[in-house]
Amino acid sequence: MVKCSVDHAYGGDVPSGEPAFDGALVVLTGSGAKGLDPPPRAPYYYTQGFLLCRDGHSSDPAPVLRSVAYDVNVEPLEIRPIIRRIPDGGQRKGVPGVWTPIIDMVGRPGDVGFEARGDFSTDFDGTRVTLPCDESNDPESELMELDIVMKVPREGADIDGFTITYEIDGDEHDLHVPWRMIGCGTEVGREWCTSPS
């Protein structure tokens, strides 16, 4: 994974990976895309996860999340950000796989059969990102994840990146994440999916 941390809108070049300033919000991904084969029934929910952390030291002010804006090619029925907190290794119970970060999966947090555990919250606005990035490579450390959950109609949905607005000490910043999310359907994602509806 690479750090995607820039203090301006993504302009087409791959981010350098260097945070713009101490305390900056970091999303541990690069540019890319992921399509999901549709389940037999539509509409369906599709979740993609992105690990969040902050650059700098514990003495630096923590980023405070405010909003997410999406670059929409084909509108989903709904889309929402959910914050997932994964406790440190000593507090995780059960099968280890349910604690791993979400890459992508059918379903949404709270659904029967959604095999990901953690503390899920829809309270995005006001969430503080306190976890330092230098701990994110430790599999036993606490993690914070942004889960983007789409409700995909039969035709499909296509989100071509998103921008997180956040504050540090009252100053507003934008972080663009150039990651494309494709929920395949009858009209969307034929080149991305192995079995379009």
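The values are calculated or read from the model by the stated rules, or taken from the named source; none is laboratory data. Bear in mind the structure is a predicted one, so any value in this text is a computation, not a measurement. Neighbour counts are summed over all protein chains in view; Cβ atoms, including those assigned to glycine, are modelled from backbone coordinates with ideal geometry. These area figures cover heavy atoms from the full protein model, side chains too; ligands, DNA and RNA do not enter into them. Shrake-Rupley method; radii C 1.70, N 1.55, O 1.52, S 1.80 Å.
Out of Val188, Val149, Val98, I need the residue that is within 25 Å of Pro40 (Cα to Cα) and surrounded by fewer than 18 Cβ atoms within 10 Å (Cβ to Cβ). Which one?
Sole residue among the options that is within 25 Å of Pro40 (Cα to Cα) and surrounded by fewer than 18 Cβ atoms within 10 Å (Cβ to Cβ): Val98.
So which of Ile83, Ile79 is over 14 Å from Glu145 (Cβ atoms), among the aliphatic types (A, V, I, L, M) and modelled with pLDDT of 95 or more?
Of Ile83, Ile79, the one residue that is over 14 Å from Glu145 (Cβ atoms), among the aliphatic types (A, V, I, L, M) and modelled with pLDDT of 95 or more is Ile79.
State whether the residues of region 155-174 include one that is free of Cβ contacts under 8 Å to residues at least 24 places away in the same chain and either open to solvent by less than 60 Å² (accessible area, probe 1.4 Å) or not in a strand (DSSP E or B) (or both).
Looking through region 155-174, at least one residue is free of Cβ contacts under 8 Å to residues at least 24 places away in the same chain and either open to solvent by less than 60 Å² (accessible area, probe 1.4 Å) or not in a strand (DSSP E or B) (or both).
Among (1) at pLDDT 95 or above; (2) of a type in the set (Ser, Thr, Tyr); (3) not in a strand (DSSP E or B), where does Ser197 come up short?
(1)
For region 24-75, please list each of the strands (runs of 3 or more DSSP E) lying entirely inside it that holds at least 3 residues being out of contact with any strand residue (DSSP E or B) (no Cβ under 7 Å at 6 or more places or on another chain).
Counting at least 3 such residues, we get no strands (runs of 3 or more DSSP E) at all.
Kindly indicate the residue of region 1-50 that is among the aromatic types (Phe, Trp, Tyr) and under 26 Å from Thr127 (Cα atoms) and also modelled with the lowest pLDDT among those meeting that condition.
Only one residue fits best here, namely Tyr10.
Got a sec? Which of Val74, Val129, Val106 is open to solvent by less than 60 Å² (accessible area, probe 1.4 Å), in contact (Cβ under 8 Å) with a residue 24 or more places away in the chain and within 27 Å of Arg190 (Cα to Cα)?
That would be Val74, the only listed residue that is open to solvent by less than 60 Å² (accessible area, probe 1.4 Å), in contact (Cβ under 8 Å) with a residue 24 or more places away in the chain and within 27 Å of Arg190 (Cα to Cα).
Would you confirm whether or not region 109-132 contains a residue that is of a type in the set (Val, Ile, Thr) and in a strand (DSSP E or B)?
no
Test each condition in (1) under 18 Å from the mean Cα position of the chain (by Cα); (2) of a type in the set (S, T, N, Q); (3) open to solvent by less than 40 Å² (accessible area, probe 1.4 Å) for Asn137 and report the one that comes out false.
Evaluating Asn137 over (1) under 18 Å from the mean Cα position of the chain (by Cα); (2) of a type in the set (S, T, N, Q); (3) open to solvent by less than 40 Å² (accessible area, probe 1.4 Å) leaves (3) as the failure.
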